[in-house]
1. Pull out a ≥ b ≥ c, the square roots of the eigenvalues of the alpha-carbon gyration tensor of the stretch 157-212, then state rounded if a/c is under 1.5, prolate if not and a/b is larger than b/c, and oblate in the remaining case.
2. Tell me which residues come under 5 Å, amide H to amide H, from Ala266 once H is placed; ignore anything under 5 positions away on its chain.
3. What's the exposure ranking of Asp254, Asp204, going from fewest to most Cβ atoms within 10 Å?
4. Give the shape of the stretch 143-296 as rounded, prolate or oblate, defined through the alpha-carbon gyration tensor: a ≥ b ≥ c are the square roots of its eigenvalues, a/c under 1.5 means rounded, and otherwise the shape is prolate if a/b is larger than b/c and oblate if not.
5. Please list 102-109, 180-187 highest first by mean number of surrounding beta-carbon atoms within 10 Å per residue.
6. In 10 Å bins starting at 0, how do the alpha-carbon pair distances of the stretch 110-210 split up by percent?
7. First check a/c for the stretch 219-296, with a ≥ b ≥ c the square roots of the eigenvalues of its C-alpha gyration tensor; if it is under 1.5, answer rounded, and if not, answer prolate when a/b is larger than b/c or oblate otherwise.
8. Taking amide H positions as placed in the peptide plane 1.01 Å from N, state which residues far from Gly202 in sequence (5 or more) or on other chains have amide H under 5 Å from it.
Amino acid sequence: MSGTARPSEGAANQSPERAQPANRSHPLPREGGRGVGLFTGTARPSEGAANQSPERAQPANRSHPLPREGGRGEGPSVNTVPVIAIDGTSASGKGTIAARVAAELGFHLLDSGALYRLVGLRALRAGVSLEDGTALAALARDLPARFDGERVFLAEADVSAELRGETCADAASRVAVHPPLRAALLSRQRAFRVAPGLVADGRDMGTVVFPEARSKVFLTASLQERAERRYKQLIAKGLAANIATLLLEIEERDRRDRERVAAPLAAAPDALVIDTTGLGIEFVVAKVLEHYRGRG
Ligand code: DC
């Protein structure tokens, strides 16, 4: 997640070259970015961050609340801070790749899926129907969430592990179909666009949230491989997992994400599409960086 709770004043007008990041990137727990590496069993965003060169973002404030809706989430037309939008199917490697690219460039990181998972979790706990878009939007507007490195807190309780589970993943996909909820999260997501740059991963980063992103990437992989990746992640976390069940769950979530009316999962027309089946993390990271640099 972004390294700053609140984008700095005037961030929108800073030149990416001159702007000094106040904070390091704060990756959020995500589908593939924690524990066992997604492709080769290696990548941990925090490791990448720990190896940052001096010119990269400097850690200053690891703990921060969520940028609030209506903060300085400048509209796309006025904000010149570069964005790399990484979208894709569930367990396609978005999280791992986004974290690695952000660490490489010293950019901030937005794991937009975590926001939907948080809303889903909060709704489940509060007994709010996952079908009630208006009530869900209200929950999203007032989300008492805080990100601290890889940990996510909801009302000061560490929900990092719960957030990664399949229950939250399913709830996230269900709440994400509601336009009022998506609208409620829009400016909150845009508020993460802070100098020197942002890597944002999700389903609609390149199509809706940051349509003017400098670089757009769409990741996918075979269903079998994605289920296996998710299986390894869950097992590595000591959670129960079953490949056959995961296959069905991931397929169902993708179908729902693709078929919804509001901001459906889709590659932007100008996105670089990468099928990561059988590819290593480093290869994909290099491709994304090459694409970004080629568009500078
Ligand atoms: O990336 P993830 O697995 O954490 O996302 C969980 C769900 O959240 C996903 O199935 C759909 C929803 N989502 C979304 O609709 N738009 C985003 N930008 C990110 C996630």
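1. Oblate shape, in that a/c is at least 1.5 and b/c is the bigger or equal ratio.
2. Distant-sequence amide H within range of Ala266: zero hits.
3. Asp254, Asp204
4. Because its axes are fairly even, with a/c under 1.5, the stretch 143-296 counts as rounded.
5. 102-109, 180-187
6. Cα pair-distance distribution for the stretch 110-210, in percent: 15, 51, 31, 3.
7. oblate
8. Ile86, Asp87, Gly88
Only the coordinates and a few stated rules stand behind these numbers; no lab work does. Quick caveat, the model's predicted, so the values are computed rather than measured. Ideal geometry is used to build each Cβ from the backbone, glycine not excepted, and the neighbour counts take in all protein chains shown.
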